[in-house]
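Have a look at the structure below before the remarks.
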């Protein structure tokens, strides 16, 4: 066991708390009281500056936000004061790459709410106002390898690829092609085309969004080639006329479709299906599809009903999830939706203002987290080619990576070094205020075999030098941030063991942070996870992520109080008492 006491903590991501409930200081006090009673002695609170809150104000589904801010002012400052009154530590958490969520809207939809968005292939992104005024500072894609004149290049062949060689039931009379000018409602086209079936060799290993094997290099996979086309439409969708859910033509979205132009030239595309996380109910007949937002690894079945009445399409990763459409658009988004590039001095200066704001709020320290909602893409390896990054790479290696062959490992190191410049400045400013700096080590996304669901949540083409942070004192403590794996899996994983060995060698306290959803609403299971982490002897604490999962966040009880889920916090308190944490 560790010599230092094991610390139970919680993370508050307050926009999730106040989406539906109009919070008052009394409700915040109820939350902090329950966390303290449960056994938590430290609160982590995700930081949102004024521009972030403007984003939440404008987003219609978040009905409780405006009144909450009117009632509280800055919620973090209220939370800090109430936590301190109860003898709890209070740490702010900043997410430098967070500036809005990676999903686009039709321009007309945003205009209804008076929102100006930044354009992407699939629509307009609603982003932080600071980013809206400086869109060129976002993480930029490599463009040199894109063919010129894509807008005027027709699609002459579409290839549909199944994950294996299972016999197909799709015939020419079953296929439908839909097109759209603006990704806001698609029309079925009456087109003449030829359809042929073939078996090809899978050129690479394919995994789904969670990293599960789909196809292996060398496997036989069955393909359909739709030829005789001459499509210039910006958005093209392929469906079938099957009205059941018995289909077997399945693959990940990014592997299912390929598009070819004149002379059978393979065209760069981004893909979509009926899958979505935000605004999950999609219908290509009347609305938009979600292009290039990190869902390309989700499994899609094509030969099933595509009727909106056939399913309630909250995102599911299971192979039998209904969908019925695969769509594509030519090209590549020039920028990720909202994340800013660490190479610009003005970006780092903006981040430093966040650090100063947290210090002024009276926090006990700062934790920094990489993962965000603003950099999601199906091709993260194609981003990070901003002028400061390109210039530094060329200075070091004599090659312009945006237009010449380059080494992705070296490019990742360049970006990681630029990011560390921000960390050193933040560390110095916090140290001058007598405050510690912590940093997340994201054990499911920093790993070399990270699944697409995790690589999408962080900027691609960048190496986060977590080992350097530990060895050089850049982080006083660290949060080992997991998302889906339980402690039993994490603490037996080779990469996590490597991290823990480094933590032990550098004597940096480490806390495991896991979402409540890993245990569901089973308080006993959550308590078991805390105990397992405690008894491992390799960690200094456990962070319950996040507080909005501990109670009914849609409404208060009849008495106007928070309605905590039965048995959840009670089980944690009972186990904390058994372990001597209270």
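The values are calculated or read from the model by the stated rules, or taken from the named source; none is laboratory data. Owing to the predicted nature of the structure, the values given are computational and were not obtained by experimental measurement. So basically every Cβ, Gly included, is an ideal-geometry build from the backbone, and we count neighbours across all protein chains shown.
Residue-wise test of (1) under 28 Å from the mean Cα position of the chain (by Cα); (2) outside the structural domain of residue 297 (by TED's automatic domain parsing); (3) assigned to a loop (DSSP other than H, G, I, E, B).
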site	(1), (2), (3)
196	no, no, no
200	no, no, no
203	yes, no, yes
211	yes, no, yes
224	no, no, no
245	no, no, yes
Those residues of region 241-259 which are more than 18 Å from residue 207 (Cα to Cα) and surrounded by 22 or more Cβ atoms within 10 Å (Cβ to Cβ) amount to 259
Name, by its number, the condition in (1) modelled with pLDDT of 95 or more; (2) assigned to a loop (DSSP other than H, G, I, E, B) that does not hold for residue 278. (1)
Looking only at region 553-563, and only at residues there that are modelled with pLDDT under 95 and crowded, with 18+ Cβ neighbours inside 10 Å, the one that is nearest to residue 39 (Cα to Cα): 553
Somewhere in region 367-383, is a residue crowded, with 19+ Cβ neighbours inside 10 Å, in a helix (DSSP H, G or I) and in contact (Cβ under 8 Å) with a residue 60 or more places away in the chain? yes
Taking the stated definitions as given, is residue 300 in a strand (DSSP E or B), within 18 Å of residue 239 (Cα to Cα) and either at pLDDT 90 or above or not assigned by TED's automatic domain parsing to the domain that holds residue 209 (or both)? yes
For residue 463, state whether it is farther than 30 Å from residue 527 by Cα and crowded, with 18+ Cβ neighbours inside 10 Å. yes
Just to be sure, is residue 151 free of Cβ contacts under 8 Å to residues at least 60 places away in the same chain, assigned to a helix (DSSP H, G or I) and surrounded by fewer than 19 Cβ atoms within 10 Å (Cβ to Cβ)? no
Would a scan of region 386-394 turn up a residue that is crowded, with 24+ Cβ neighbours inside 10 Å and at positive phi? no
Can you tell me which residue within region 15-53, out of those that are at pLDDT below 95 and in a helix (DSSP H, G or I), is surrounded by the fewest Cβ atoms within 10 Å (Cβ to Cβ)? 50
Flagged in region 318-334 as surrounded by 17 or more Cβ atoms within 10 Å (Cβ to Cβ) and at pLDDT below 90, in numbering order, are 321, 322, 323
Residue 109 vs (1) at pLDDT 90 or above; (2) surrounded by 15 or more Cβ atoms within 10 Å (Cβ to Cβ); (3) more than 19 Å from residue 48 (Cα to Cα): all pass except (1)
Which of the following residues is in a strand (DSSP E or B), crowded, with 23+ Cβ neighbours inside 10 Å and at negative phi: 338, 343? 338
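Yes/no matrix, rows are residues, columns are (1) out of contact with any helix residue (DSSP H, G or I) (no Cβ under 7 Å at 6 or more places or on another chain); (2) more than 30 Å from residue 41 (Cβ to Cβ); (3) surrounded by 17 or more Cβ atoms within 10 Å (Cβ to Cβ):
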| residue | (1), (2), (3) |
| --- | --- |
| 76 | yes, no, yes |
| 114 | yes, yes, no |
| 118 | no, yes, yes |
| 128 | no, yes, yes |
| 132 | yes, yes, yes |
Taking residue 496, is it over 23 Å from the mean Cα position of the chain (by Cα) and within 27 Å of residue 413 (Cβ to Cβ)? no
Yes or no: region 414-434 includes at least one residue that is assigned to a loop (DSSP other than H, G, I, E, B), at pLDDT 95 or above and in the same structural domain as residue 541 (by TED's automatic domain parsing). yes
Can you report the number of residues in region 213-222 which are free of Cβ contacts under 8 Å to residues at least 40 places away in the same chain and outside any strand (DSSP E or B)? 3
For the structure I just gave you, tell me whether residue 549 is out of contact with any strand residue (DSSP E or B) (no Cβ under 6 Å at 6 or more places or on another chain) and within 15 Å of residue 10 (Cβ to Cβ). yes
Cβ-Cβ below 7 Å, separation at least six or inter-chain, first residue in region 481-499 and in contact (Cβ under 8 Å) with a residue 60 or more places away in the chain, second exposed (fewer than 15 other Cβ atoms within 10 Å of the Cβ): which pairs? none
Give region 54-74 a look and list any residue that's touching a helix residue (DSSP H, G or I) at 6+ places or on another chain (Cβ under 6 Å) and either closer than 29 Å to residue 534 by Cα or part of a loop (DSSP other than H, G, I, E, B) (or both), or say none. 62
